[in-house]
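Here the structure comes first, spelled out in structure tokens, and everything after it is commentary.
Coordinate-derived values only; no laboratory data. From a predicted model like this one, the values you see are computed outputs, not experimental measurements. Reconstructed Cβ throughout: ideal geometry from the backbone, glycine too, with neighbour counts over all protein chains shown.
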Amino acid sequence: MSNSKGLGGVGVFLDDRTRGAAPARRFMRKIFPDHWSFLLGEIALYSFIILILTGIFLTLFFQPSMTDVVYHGVYHPLDGVRMSEAYASTLNISFDVRGGLLLRQIHHWAALLFVGAIMVHMLRVFFTGAYRKPREFNWIIGIAIFTISIFEGLFGYSLPDDLLSGTGLRITQGVLQSVPIVGTYLSFFLFGGQFPGHVIIPRLYIIHVLIIPGLLLALISAHLFLMFHQKHTQMPGKGRTETNVVGAPMYPYFMAKTGAFFFFVFAVVALLSTFAQINPIWLFGPYNPSGITAGSQPDFYMGALEGALRIMPNWVSNVGGYTIAWNVIIPAFVPLGIIFGGAALWPFLERWITGDHREHHINDRPRNAPTRTGIGMAAVAFYGVLWLEGANDVIAAQLHIPLYTLTWIARVSVFLAPAVAYWVTKRICLGLQRKDTHLLEHGVETGIIRQLPSGEFIEVTRPVSEEVRAVLESRTGLPQLPAPAPGEPGEGVPAPSERGAMGKLRVRLNRVLTEGIPVPTGNGHGNGHAELREGEPAAVPSGADHGRELEAGSPDEEERPSGH
Amino acid sequence: MSLITARRRRRAAGYAVIVLGLLTAGVAYATVTGQPGTAAAATPSSASPKQIAEGASLFSVTCASCHGMNAQGTSQGPSLIGVGAAAVDFQVSTGRMPAKEISAEMPRKPPVFDTAQTHAIAAYIASLGGGPAIPSAAEVSPIGADMALGQSLFITDCAQCHNFSGAGGALTYGKYAPALTHSTPTQIYEAMLTGPEAMPVFNDTTITPAQKRDIIAYITTVRSEANPGGFSLGRIGPVTEGLVAFLGGIGSLVFASIWITLKRREHT
Ligand code: HEM
């Protein structure tokens, strides 16, 4: 600590000129909840940083040009092959530039981790209900980041102009052309004429290195700023309330942890890039419109689209001289439309169904919202089937399953698997809730058997610890709409929100969504939300009475300003 | 403090062991798979009556049950009259024939007959009705071939079934295009010439003999190329990459984040 004075001096100097000390202090005191799943988003953030850094390196050597050249470089099996400059320069990055192959591989592995981490991060947010008010907007930003990242990856994948990237572009062109009426124009517009033309690589290049990274940077900043401003959600637990955040403060704990975590992410990317070859474009050869290879797959984040195309029956119709290619339009737009559109609308739909306009800063344990968790797993199953089907030829070849059999399995399970996943997940959640209730009411079984004087055997139980009790008691159930008037339809006037077809639908959906095992009462957590009506402010949220237990000013706790 | 450093050191040792293990595995892998199949079979210059007789007797013992006493075909196997010596050499030297059981496709197996016996049977079948002959060593030699042309021919004519690196791929109805990892230049030539099962025939007008050598040169060179980027992940495209990214990448980072947040709880 000998240099603290010097550092302090610098601090004063900076603060006098920037007035940055107060915000910096607020930043340093920011509390991060200690739950592993809160680090998933950081994998994405750090991969993005790695992508930008390695991407800048690649731009120094990559030539975004479709001019024909004859290759006479180090990789001798392609000696004398005609190819585009883009492809030749990627070969040069791989074989001539010092460290070039490693950086290319880091860029590509980081791209896979980036999108993969976004996916698991989004699943975490969904399953814990962290998207609820006031965070719906950040959820939408997240979906935008996810969507744009997929395009960023697709365009990057297309840049080297190898056989697989060209095949991917060919499919992209097919999808564009399938758009009714304007499809052909769109395709000519993007490719500047016939496929593949000579402008697509330079165009994709600008989009890939400038436009989308800029957009992503802006969206990620907005995402982080909102997260920072609204503070983290937290998992339920002892001392955690809707008005505080319990965890480690930014400085020094979280700073050290997240710094270490950056190095973990970087280490994993570096190890993968050192030991696992990715996108060996020299084996694919340059793009050649008459060539196609077995194992033509996109990167995994496009896999579900590919799978949708592969299971689609070959339906085409002709309306007034225009071909409508259902076999492309449906797989290209419907499945991912359902997933992305559904994800974007879900927070609002859920709010409408539950009539719950409260703010939520304490997350749900997935089991405590069985229907939501079931719907999430159904989406995972739907996406998963399409994803696997995207690799159908590889699966067929490796597991020796006939290709068409696989296609039919996928055609059936794309409808069946989500239903099964929904049902099974919901049952599991309700089972876990029952177990929680049992724990609360009867305590933990200790395994010690006692014999009573009467000769009866009993197992000794011990009440759950306070920490566990706080977690178990976090289950309040989702708000239920009032029960419909019992018996005779004439009796009682239904609430305005229940009238009409929409109202009835809403009540019915509410019944499904709020299904759960009743929480044991008598501990101050009765279901006081039963009479909640649209527009009414909610009752005191669960767990609030624990807030007082922590000493004020504890370094691990932060007040949540009201209104956020 | 010292406890933490000790623990860290143990972790570092763990990483070192993993790295070392990966390196050893890599070297072993490269040594095992680095050998290109180059043994080109010697070709019979001309078939003697003695050789044909030997072939006929081998045929009647092992092949006739399916292909008929005079190779005229049965319900178990097609007629071999006119398929030529090249087809027999391909089928027998790759171990496909004699077939054990009838499946969607006869797999490559260790051959039952040695080269002389194979050539004898081939001579016998050729004597029944001609057909393409076994190519000579010079006809299949990759030396001096135009690999650049071989590359583009391979991608246009073969990769759609055999994959860009010859790793193989699925076809319909349980059939598959096998990996070309072990095919000798002669077998590659014969496969093009005779078009076994689902594979089309690439006769000398579709792909000239010189172009066949170009393709052979490309296949045999690329399959023996080392993988400069690390483990090849099977050279079957992005599917294995995605699998590794999820299981290896995301998986290990999830463990890391669980570990990093667990630590904190121990402290408090
Ligand atoms: C933000 C700044 C970025 C820059 C400047 C950049 C730059 C580049 C360049 C020049 C290439 C072509 C050269 C080559 O493949 O060898 C490339 C390829 C690629 N980029 Fe990026 N990129 C950036 C971000 C991203 C992001 C965010 C992603 C992922 C979503 C991404 C995914 C890819 C992929 C998959 C390739 C193909 C790599 C390969 O062929 O091995 N890039 N990028």
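Within the straight-line cut-off of under 18 Å between alpha carbons, the lysines reachable from B:LYS109 are B:LYS100, B:LYS175, sequence neighbours fewer than 8 places apart in one chain being disregarded.
Put simply, the amide H of A:PHE32, placed in the peptide plane, has neighbours under 5 Å in A:ALA248, A:MET250, leaving out anything fewer than 5 places away on its chain. Place a point 7 Å from Cα of A:PHE225 in the direction of its Cβ. Which residues in the stretch A:137-173 have their backbone N less than 19 Å from it? Answer for the stretch A:137-173: A:137-146. Beyond 12 Å, the tail of the calculated P(r) for the stretch B:211-252 holds 70 percent of the Cα pairs.
In chain A, how many lysine pairs have Cα atoms under 22 Å apart, counting only pairs 8 or more places apart or on different chains? Intermediate results must be reported in sequence, preceding the final value.
Numbers: A:LYS30/A:LYS133; A:LYS30/A:LYS231; A:LYS30/A:LYS238; A:LYS30/A:LYS257; A:LYS133/A:LYS231; A:LYS231/A:LYS257; A:LYS238/A:LYS435; A:LYS426/A:LYS435.
For chain A, qualifying lysine pairs total 8.
Would you work out if the stretch A:74-176 is rounded, prolate or oblate? Take a ≥ b ≥ c from the square roots of the eigenvalues of the alpha-carbon gyration tensor; rounded if a/c is under 1.5, else prolate when a/b is larger than b/c, oblate otherwise. Working shown, then result.
Details: a/c = 4.21, a/b = 2.21, b/c = 1.91.
Prolate.
Placing a pseudo-label 7 Å from each Cα along the Cα-to-Cβ vector at A:PHE189 and B:ASP146 gives an inter-label distance of 4.3 nm. Near A:VAL444, the amide H atoms lying under 5 Å from its own belong to A:ARG462, A:VAL464; only residues 5 or more places off or on other chains count, and H is placed 1.01 Å from N.
How large is the Kirkwood hydrodynamic radius of the protein assembly as shown, counting all unique pairs of alpha carbons, in Å? Mind dumping the intermediate values first?
Values: mean 1/r = 0.0317 Å⁻¹.
Its Kirkwood hydrodynamic radius stands at 31.6 Å.
The stretch between B:THR206 and B:ILE102, if pulled fully straight at 0.36 nm per residue, gains 34.4 nm over its current Cα-Cα span. With R₀ fixed at 56 Å, the C-beta to C-beta distance from A:LEU452 to A:ILE428 puts the FRET efficiency at about 0.95. Each residue of the stretch A:352-361 was assigned a 3J(HN,Hα) from its phi angle through the Karplus curve 6.51 cos²θ - 1.76 cosθ + 1.60 (θ = phi - 60°); the sequence is 5, 5, 8, x, 9, 9, 6, 7, 10, 10 Hz, with glycine and proline shown as x.
Computing FRET efficiency as 1/(1 + (r/R0)^6) for A:ARG29 and A:ILE56, where r is the C-beta to C-beta distance and R0 is 45 Å, gives about 0.85. For the pair A:ARG462 and A:ILE401, the difference between a 0.36 nm per residue extended length and the Cα-Cα distance amounts to 16.7 nm. Summarising the amide proton neighbourhood of A:THR323: residues at separation of 5 or more, or on other chains, whose placed amide H is nearer than 5 Å comprise an empty set. Need the C-alpha centroid separation for the stretch A:29-48 versus the stretch B:199-247, integer Å. Result: 42 Å between the Cα centres.
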